[in-house]
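Heads up, the thing below is written out as C-alpha cells.
The values are calculated or read from the model by the stated rules, or taken from the named source; none is laboratory data. This is a predicted model, so every value here is computed, not measured. Neighbour counts run over all protein chains shown; Cβ positions are idealised from the backbone, glycine included.
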There are 2 protein chains.
Amino acid sequence: DYQHVQVPFEITLWIMLASLAKIGFHLYNKLPSVVPESCLLIFVGLIMGGIIYGFNDKSPPVMDSDIFFLYLLPPIVLDAGYFMPSRPFFENMGTILLYAVVGTVWNVFGIGVSLYGICQVKAFLLQDISLLHNLLFSSLIAAVDPVAVLSVFEEIHVNEKLHILVFGESLLNDAVTVVLYKLFRSFCEMPTIKGVDVFAGVGKFFVVGLGGVLVGLTFGMTAAFTTRFTKDIRVIEPLFVFLYSYLSYLTAEIFHLSGIMAIVACAMGMKRYVEANISLKSHTTVKYFMKMWSSVSETLIFIFLGVSTIGENHEWNWPYICFTVIFCLVWRALGVLVLTFFVNRFHVNTITGKDQFIIAYGGLRGAICFSLVFLLPEFRRKKLFIAATTVVILFTVFVQGMTIRPLVDLLAVKRKRESAPTVGEQIHIRFLDHLLAGIEDISGHWGQYYWKDKLEYFNSKYLQKLLLREHNQPKSSIVLLYEKLERKHAMELAETGQLGHVPAHPSFLGNDRTVLTDKNLEDTLNLDALEHLQEILARNLYRIRRMGPAYNRHTLPGDSEHVEHAQEILILRHKNL
Amino acid sequence: DYQHVQVPFEITLWIMLASLAKIGFHLYNKLPSVVPESCLLIFVGLIMGGIIYGFNDKSPPVMDSDIFFLYLLPPIVLDAGYFMPSRPFFENMGTILLYAVVGTVWNVFGIGVSLYGICQVKAFLLQDISLLHNLLFSSLIAAVDPVAVLSVFEEIHVNEKLHILVFGESLLNDAVTVVLYKLFRSFCEMPTIKGVDVFAGVGKFFVVGLGGVLVGLTFGMTAAFTTRFTKDIRVIEPLFVFLYSYLSYLTAEIFHLSGIMAIVACAMGMKRYVEANISLKSHTTVKYFMKMWSSVSETLIFIFLGVSTIGENHEWNWPYICFTVIFCLVWRALGVLVLTFFVNRFHVNTITGKDQFIIAYGGLRGAICFSLVFLLPEFRRKKLFIAATTVVILFTVFVQGMTIRPLVDLLAVKRKRESAPTVGEQIHIRFLDHLLAGIEDISGHWGQYYWKDKLEYFNSKYLQKLLLREHNQPKSSIVLLYEKLERKHAMELAETGQLGHVPAHPSFLGNDRTVLTDKNLEDTLNLDALEHLQEILARNLYRIRRMGPAYNRHTLPGDSEHVEHAQEILILRHKNL
C-alpha cells in the first residue's frame, strides 16, 4: 500500500538522505575543511540527479518553488534572524541598507542594461530578448542569497563587521528583489508602460519592506505576550516561537510583502522577551530545534539544487551565459567600490580595501534565484535564463565559495576576535553608550545613540511590563543556587556581626537588602544601574570567555557555558572553604 | 494571495488554536482538576463546529482519516512508546497480551452478535443490517483507544500495574483491530466466505503483530547505529530519533502491518542506546519535542473530534445506538471478569476486584474508531454507524472520563507510590532478579527471569558493542564533575597516607584504582557488579526521590533532577569542609 503513505514517506526519506550525507562528510574530517559543505551537497545532488536521469530517461523532478518558499526558506531565515547579533546589525544599519537597496538596484540595472547591449550583437543570435526581459532576468540574478552566504561565511570567520555587512545585505535585499521582480514581470505582461507605473513601483518598495517589518514585529510582540501565560504547560512553549514566526512569514506573503523581512523582524523582536519568559529547557529546545531545522533545510536546498540542475530544460548560448557571469562580478565590484566610497566619507570606522574585496567577492547567488527563474512566465528564452542562472549559481558557490577561504588567509583579512569582551570592556561600552546618548541629546543631533536610548526607555517603561512575566525571572538554576548560597553566607556574616565588609561585596549587596544596616548607600546609588553592573559582574565572575556572539549554523553558542559555570563555582568554593 | 499559502497557513492556525485552547484551560486552575482536558477540547471542537455549521450552512469538514493516521497518531504513539516504563510492561506482558488479543476478539464477537440479535427485532426497523456488517462495526468500536486512555489515566495516578494494564492493552490491541477490521471489510465485499479465509485471518494476525514489531526493532537498531556517528554534528541528532521512528511506522503501514506496534517497538528498542549515544542537550530536545508534539497532536485530535461531530452525516436510531453503548459496557466488563479469573489463577500478585472495575471502566473509545468508521465502504447504514460511534466516544470520554476520578477516590484504589525506590530496594530487586534467573536455570523452567538474563547477556556482549559509541559515555556534567572532585579528594588522601579508610568509600574505590594498594579486594569482588552497585549508590546518594517512572504527557520526568543534584552536592560539600 505504497500510494497511501507516499508523500510523508518520500519527504522523510529525503530528509534522511540529507542528514546521512551530512554525517558522511563529517566522518572524514579533512573534506569539510577544504571544500564548503554547500559544494559537497550540490555535488551529491548532481550525482543523484544523474542517477535518476539515467534510470528514468527523463529530467528529474525540479525543486518546486512553492516548497522552497513555503517550507525550506522560512526555517533558515528564522534561524538567521533569531541568532542575529543585534548590536553590530543596528550599528551598521545604514551601510547595510545602502548596500541592500541602492546596491541591488544598481546591480539590477547594470546587469540588465549591459546584457541588453550584448543582445544587440547580431553574431550572438540574441536579438529577440527585449530590454524588459533582460531587466527581469537581472532582477532575479542580482540579489545575493542569504542561504549561500551564510553557509560559506560561517566557515571563514571574518570579523564581525564584515560578516554582518554581507549577511545583512543578503537578508534585507529580499524586499528590493521581490518588488523589482514583480514589477518587471507585470511590465512584461502590460502592453505599454506609463510613468505612473514606475513611480508606483518605487512607492511599492517602501510598502513591501516596511510592511514586512511591521507584520513581523506585530507577530513577535504577540508571541512574547502569549508566552507570559505558559507557566503551567511548559512543553508547548517552544511551539509558539515557531508558530508565530511562521505565521508572520505567511501573513506577509499573503499581502505580497517581504516574508523574509517579516520573519527576521519577528525573530529579532520577540527574542529577548521570549527568552526571559520561557523556561531554560524550553529555550534549549527552541535553539536546538531552530539550528536543526535550518541545517536540514539548507542541506535539502543544496541537494535539490544539484538534482534540479541535471535535465533537459537548458538552452545553451555561450556568449549570453559567459557575459552574465562576468557582468555579475563586475557590476557587484563596481557597486561596492562606489557605495563604500560614500559610506567611508561619513564614517570614522572606514571599510578597508580588503574588506571591500571580500564584500564584492562574497556576493554568492543561490536557491532564491533558482526558484524565481522557474517561476518566470513561459516565453521562448526561459530555458536560456534557467541555464544562465544555474551557471551563475554553480560558479559563485563552487569557484568563489571554494577560493574565498584561501583569499581571506592570503589577504590577512581581520578575523573575528576569539574571546568575549571582558568586564572592563562591557562596562566601557555601556558607559560610552550613555555618554553619547547624552551628548547627542544636548547637541540636538538625533543620532543612533539618542534613538537607542529612547527605545530602551520605551522598552523598560511599557513593553517589558506588558510582555514579561511578573514574578518569574528564569535564570540558570546554577546562578540561582549561587545566589542562594551567597545569601546564606551573608546571613551568617550578619549574625556574627561582620557587616563592615558588606559594601565591597556586590552579590551580597543586591540580594540581601533586608539585612543591610547602611540604607544610605543604596539611596545614593541608582538602584537600577547598580543591578545592571551586578549582572555584568556576576556574568563575568567566572571567566566564561568563550561565549562570543558568533553565528554558526551547526553549533549553539554557549554550549559549554553552564557546565563551566558550575565547575568554577564548585572549585572556587572548594578553595575558599 | 491567500490561495498560495492556504495549506500551511490553515495548518498553522489550527495548531495555534489548539495551543491557545490549552493555555486557556490552564489559566483557570480549577477547570482541569474537575473536567479532563479531553472533554474540554471536544467541547471547544463542538462549539467551533457549531460556528462553522451556522455560518456556512453545511457540515464542517470531517477529520480526514489519512491526516489522522499519517500525521496525528504517530507522535502520540511514539511518545507513549518512548516513555513507556519497560519493567512493569514486560512483567505484565502476558496479562496485557491476553487482554489485548483475547479480550478484543471477545468484545468484537460479543458486541457484534448481540447487535445482530437486536437487529432481528422487527419493531426497531433494522433488519437490513447483516451479521457481517454488525461484526465490522463491532470490530471498530471494540478497541480501546490509546489516546483517550492516556489523556484520562495520566491525570488519575492509579498504581503502576493498573496503569500499564490498561495502557498496554490499548497499544497492543491495534494489531487485532487492524486484522479484524480488514478481514470483515474484505468479507463484506466477497460473495461467499470459505473456511480457508477465516484461517488465513487468524494467521494474518500473527503476521501483522509480529511483523510490526520486527519492522520497529529493525529501524530502532538502525537508529541506534546511526547515532554512533553523530559526534561532530550534534544538532541533527534529535532528527534521527524522529525520522527513524516515523519511517518504521510508515514502512509497517506500507506492508499492511501494525504501525502502532512498529513505532512502539522502535521507540522502546532504540531508547537506551540512543540515550547513551547522543548529547545531553540533544536528549533534552528529543524528550521535550516528543512531549510537545504528542501534546499538540492529542489536542488537535480532540478538537477535530468535536468539530466532526457536528453535521448532517448522522442517522439516528434510538434502539441501535443505546444498545451499542450498553453492549460495549457489558461485554467489556464480562471480558475483564472472565480473563482476570484465569490470570489470577496463574499469578501470585492477583488483580483485585477494584482494579478489575477500573480496567473495565477505563475502556475509553476515541479517535481511532472515529477515523475507521469514516473509512467504511459506502453502504446504506453507514450514517447510523457514524452516529453510534460518535455517541459511544462521547459517552465514554465524557461520562466515564469525568466520573473515573471520583470513582478511584471513592473505591480507594491503590495509588502510584510517590517516591522512587530507595537504594535498598533497588539492590534487592536486582539481587532477586539474579537469584530467580539462577533458580529458573537450575530447575529447567524457562520463565521471564531466565529470558531477561539471556537478553541482558546478549545485549552487553553484542548489541552494546555494535550500537554504542566507544569512548563517550555522556553522563550528566554534574556527575562527571562530582567524580572529578572525588578523585581529587582521594588523591589528596592518598598523598597524606590516610588510605586505611578507602574500602569504605565506594566512589573512591571505583574511580581511583591506581592508588589502591589493596589489590586483592578488587579481585575477590566481581568488578562489573561492583560498578553497578556504585552506580546505584551514586545515583541515590543525594536523595533524588521524586524521579519516579511515571508517565505524563505534559511534563518531563526528572525535570528538576539535575538542579537538585547540584544543590545537594554543593550543600553537602559546604557542610563537610
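The table that follows gives values for the structure above.
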| quantity | calculated |
| --- | --- |
| Failed item in (1) in a helix (DSSP H, G or I); (2) touching a residue at least 60 places away in the same chain (Cβ under 8 Å); (3) within 14 Å of chain A (Cβ to nearest Cβ), with B:THR285 passing the rest | (2) |
| Matching entry among B:GLY306, B:GLY311, B:GLY363 (being closer than 23 Å to B:GLU154 by Cα, of a type in the set (Gly, Ala, Ser) and not in a helix (DSSP H, G or I)) | B:GLY363 |
| Residues located in segment B:221-260, provided they are among the β-branched types (Val, Ile, Thr), more than 10 Å from every other protein chain (Cβ to nearest Cβ) and in contact (Cβ under 8 Å) with a residue 40 or more places away in the chain | B:VAL241, B:ILE260 |
| Positions within segment A:173-219 being under 19 Å from A:TRP106 (Cα atoms) and among the hydroxyl-bearing types (Ser, Thr, Tyr), in sequence order | A:THR177, A:TYR181 |
| Every pair of residues 6+ apart whose Cβ atoms lie under 8 Å, when the first sits in segment B:68-84 and is on the phi > 0 side of the Ramachandran plot and outside the structural domain of B:CYS266 (by the TED database) while the second is buried (at least 22 other Cβ atoms within 10 Å of the Cβ) and modelled with pLDDT under 90 | none |
| Count of residues meeting criterion [farther than 22 Å from A:HIS163 by Cα and crowded, with 19+ Cβ neighbours inside 10 Å] in segment A:88-113 | 4 |
| Any hit, segment B:420-431, residues being at pLDDT 80 or above and among the basic types (Lys, Arg) | yes |
| Neighbours by Cβ (under 8 Å, 6+ apart or cross-chain): first from segment B:180-209, in contact (Cβ under 8 Å) with a residue 24 or more places away in the chain and under 10 Å from B:LEU132 (Cβ atoms); second β-branched (Val, Ile, Thr) and assigned to a loop (DSSP other than H, G, I, E, B) | B:PHE187/B:ILE193 |
| Search result, residues across segment A:317-343 that are small (Gly, Ala, Ser) and surrounded by 22 or more Cβ atoms within 10 Å (Cβ to Cβ) | A:GLY335 |
| Condition check for A:THR340: assigned to a helix (DSSP H, G or I), of a type outside the set (Lys, Arg), closer than 25 Å to A:GLU155 by Cβ and at pLDDT 90 or above | yes |
| Test: A:GLU37 is surrounded by 18 or more Cβ atoms within 10 Å (Cβ to Cβ) and within 12 Å of another protein chain (Cβ to nearest Cβ) | yes |
| Checklist (1) at pLDDT 85 or above; (2) more than 9 Å from every other protein chain (Cβ to nearest Cβ); (3) under 30 Å from B:HIS256 (Cα atoms) applied to A:PHE9, failing item | (2) |
| Failed criterion for B:ARG430 (all others in (1) part of a helix (DSSP H, G or I); (2) among the charged types (D, E, K, R); (3) free of Cβ contacts under 8 Å to residues at least 12 places away in the same chain hold) | (3) |
| Hits in segment B:107-136 (condition: among the β-branched types (Val, Ile, Thr) and either touching a Leu at 6+ places or on another chain (Cβ under 9 Å) or assigned to a helix (DSSP H, G or I) (or both)) | B:VAL108, B:ILE111, B:VAL113, B:ILE118, B:ILE129 |
| Filter result for the condition that a residue is among the acidic types (Asp, Glu) and under 29 Å from B:PRO32 (Cα atoms), over B:GLU189, B:GLU154 | B:GLU154 |
| Which listed residue is under 30 Å from A:ILE429 (Cβ atoms) and either within 14 Å of chain B (Cβ to nearest Cβ) or assigned to a helix (DSSP H, G or I) (or both), from A:THR104, A:THR95 | A:THR95 |
| Residues located in segment B:17-32, provided they are more than 16 Å from B:GLU298 (Cβ to Cβ) and facing chain A (nearest Cβ under 7 Å) | B:LEU27 |
| Candidate set from segment B:457-471 (those that are basic (Lys, Arg) and at pLDDT below 80); member that is farthest from B:ARG234 (Cα to Cα) | B:LYS465 |
| Neighbours by Cβ (under 8 Å, 6+ apart or cross-chain): first from segment A:118-133, in contact (Cβ under 8 Å) with a residue 60 or more places away in the chain and under 22 Å from A:MET190 (Cβ atoms); second loosely packed, with under 11 Cβ neighbours inside 10 Å and not basic (Lys, Arg) | A:CYS119/A:GLN127 |
| Residues being under 17 Å from B:SER294 (Cα atoms), of a type in the set (Phe, Trp, Tyr) and crowded, with 24+ Cβ neighbours inside 10 Å - total across segment A:234-249 | 1 |
| Extreme residue, surrounded by the fewest Cβ atoms within 10 Å (Cβ to Cβ), among residues of segment A:261-278 that are within 14 Å of chain B (Cβ to nearest Cβ) and out of contact with any Asp or Glu (no Cβ under 7 Å at 6 or more places or on another chain) | A:ASN277 |
| Residues located in segment B:225-252, provided they are at pLDDT 90 or above and either in contact with a Gly (Cβ under 9 Å, 6 or more places away or on another chain) or assigned to a loop (DSSP other than H, G, I, E, B) (or both) | B:TYR244, B:SER245, B:SER248, B:TYR249, B:LEU250, B:THR251, B:ALA252 |
| Sole residue being part of a helix (DSSP H, G or I) and surrounded by fewer than 19 Cβ atoms within 10 Å (Cβ to Cβ), chosen from A:GLY50, A:GLY45 | A:GLY50 |
| All positions within segment B:437-466 that are surrounded by fewer than 12 Cβ atoms within 10 Å (Cβ to Cβ) and either assigned to a loop (DSSP other than H, G, I, E, B) or not small (Gly, Ala, Ser) (or both) | B:ILE442, B:GLY444, B:HIS445, B:TRP446, B:TYR457, B:PHE458, B:LYS461, B:TYR462, B:LYS465, B:LEU466 |
| So A:LEU183, is it more than 21 Å from the chain's Cα centre (by Cα) and part of a loop (DSSP other than H, G, I, E, B) | no |
